[in-house]
Amino acid sequence: MYEGCLSTNMCLMLNQLTRRKEIPVTNSSLRIRQARLTDVAAVARLAALDSSHVPQGDVLLAEVGDELWAAFSLEDGHHIADPLRPSADAVLMLGQRARQLHRRERRASHPRLRFA
């Protein structure tokens, strides 16, 4: 009888430990924009939350609603993200946008040769 109770309790504990985290669905869209001087405090808070340093130089931000979820440095690729939110995709999208901007910058500085 004791074994059945122990087994049931262990099963309950294992279910709680292995259960997937429920991510709340939000109607807010992800917005990517360049950081401004007014964002310095918010980026510093995000860096502290992520136990990291503030990204340097030009920085892209990912916001959902009015909340800052991630930041990405265009200079060195250093990024920070809110560990309490499902922000991994936001970081990936910031990285993609940074690559697009870098390609556009390279094209502008190296015009293509066009044939008639």
field: Extreme residue, modelled with the lowest pLDDT, among residues of the range 79-116 that are of a type in the set (D, E, K, R) and closer than 25 Å to V54 by Cα
entry: E105
- prompt: Which residue, of S87, S73, is crowded, with 16+ Cβ neighbours inside 10 Å and closer than 16 Å to S29 by Cα?
  reply: S87
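Given the condition in contact with a helix residue (DSSP H, G or I) (Cβ under 7 Å, 6 or more places away or on another chain), at pLDDT 75 or above, part of a loop (DSSP other than H, G, I, E, B) and not aromatic (F, W, Y), answer yes or no: does some residue in the range 24-47 qualify?
Initially, the range 24-47 is screened for residues in contact with a helix residue (DSSP H, G or I) (Cβ under 7 Å, 6 or more places away or on another chain), giving 30, 32, 35.
Still in the running and at pLDDT 75 or above: 30, 32, 35.
From what's left, part of a loop (DSSP other than H, G, I, E, B): 35.
With not aromatic (F, W, Y) added as a condition, the list becomes 35.
The answer is yes; a qualifying residue exists.
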task: Go through the residues of the range 47-58 one by one and say whether even a single one is in contact with a Phe, Trp or Tyr (Cβ under 8 Å, 6 or more places away or on another chain) and either without any contact (Cβ under 8 Å) to a residue 60 or more places away in the chain or exposed (fewer than 12 other Cβ atoms within 10 Å of the Cβ) (or both).
output: yes
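The values are calculated or read from the model by the stated rules, or taken from the named source; none is laboratory data. Every value quoted in this text rests on a predicted model; they were computed, and no experiment measured them. Glycine also receives a Cβ, built like all others from the backbone with ideal geometry; neighbour counts cover every protein chain displayed.
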